[in-house]
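Before any comments, here is the structure.
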Amino acid sequence: MMFKHNFKKVLSATAFAVALVVAPAANVSAATNDASSTQQSATATSQDQQTSQDQAASQSSAANQSSATAVSASSSTSTSSATSTSMVKKTTKKAKKTTKKSKKKTSKKKAVKKVAKKTTKKRATKKAAEVAAKKAAAKKAAAAKKAAAKKAAAKKKAAAKKAAAVKKAAAKKAAAKKKAAAKKKAAAKKKAAKKSAEKAAKYWIAMRESSGYYTARNGSCYGRYQLLISYLGGDLSKKNQERTADRYVYGRYGSWVNAKRFWLAHNWY
């Protein structure tokens, strides 16, 4: 009887320890109450068994009955412990499920947060890229504008230089043309003066030789310039006299002016 009583105490203490270790904090109180109820039941049973022990000498059937009652109590205690363990398992399972849901929710929040952070970072990067692109475009436009201005200035300078060169060339050409014209004019003037001098000298000699008559005759000399008849070759015309006189003077003196100069020195030519 004492062994059975001690077994009940150990069983109750074990159930209580299991309840404390396995169950969550919220169910510890319930497990403690169940264990206390079981201990009180075991204590009452022990008292009954003590009473039965006092009467064991005379009533052996009562002792047997007490033994059966103890076995029944032990079975009841085992059933109660099993029920408590099942409740603990259920509670633990529920707590795990709740924890899992909480973790899932937290994970989802973290994922959302991560996505939001990634989106924000992406937007910031995109904005920074746009700003950089705008700056680069502005810089490129400024460089292009500067290059265009430089090119335009160079083109303008080249055009001005070309215009100046053309103007200078035109002025030089005009000056050369003017000089050539002046030279030509001077040459023409000189030629005209020479021609005039030649004409005047020829006339002067004609007046001295024949007073200007084409039919004047003095021995073997004939005509306006008193040439030898043999020079005229039988042609006494005015045209032939002029042609023959020019050929004679230019062949002998080079010009009528030189012929006049000779005449003035020798009274003949």
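When the range 222-258 is filtered for residues that are among the aromatic types (Phe, Trp, Tyr), farther than 16 Å from Arg208 by Cα and in a loop (DSSP other than H, G, I, E, B), only Tyr253 remains. Please verify whether Lys172 is more than 23 Å from Tyr253 (Cα to Cα), assigned to a helix (DSSP H, G or I), modelled with pLDDT of 90 or more and among the basic types (Lys, Arg), treating the condition exactly as stated. Here the answer is yes, as Lys172 does meet what is asked.
Being touching a helix residue (DSSP H, G or I) at 6+ places or on another chain (Cβ under 7 Å), at pLDDT 95 or above and not β-branched (Val, Ile, Thr) holds for only one residue in Ala197, Ala206, Ala245, Ala265, and it is Ala197. If you go through the range 259-269 and keep only what is part of a helix (DSSP H, G or I) and either open to solvent by 70 Å² or more (accessible area, probe 1.4 Å) or of a type in the set (A, V, I, L, M, F, W, C) (or both), you end up with Ala259, Arg261, Phe262, Trp263, Leu264, Ala265, His266.
Note on the range 217-232: residues that are of a type outside the set (Ser, Thr, Tyr) and open to solvent by 70 Å² or more (accessible area, probe 1.4 Å) amount to 2. Residues that are free of Cβ contacts under 8 Å to residues at least 24 places away in the same chain and open to solvent by 50 Å² or more (accessible area, probe 1.4 Å) within the range 203-216 comprise Tyr203, Met207, Glu209, Ser211, Tyr213, Thr215, listed in sequence order. Scanning the range 233-257 for residues that are closer than 15 Å to Lys195 by Cα, surrounded by 11 or more Cβ atoms within 10 Å (Cβ to Cβ) and of a type in the set (Gly, Ala, Ser) turns up just one, Ser255.
The values are calculated or read from the model by the stated rules, or taken from the named source; none is laboratory data. All values derive from a computational prediction rather than experimental measurement. All Cβ positions, glycine included, derive from the backbone under ideal geometry; neighbour counts span all protein chains shown. Just the protein is used for accessible areas: all its heavy atoms, side chains included, with ligands, DNA and RNA removed. Shrake-Rupley method; radii C 1.70, N 1.55, O 1.52, S 1.80 Å.
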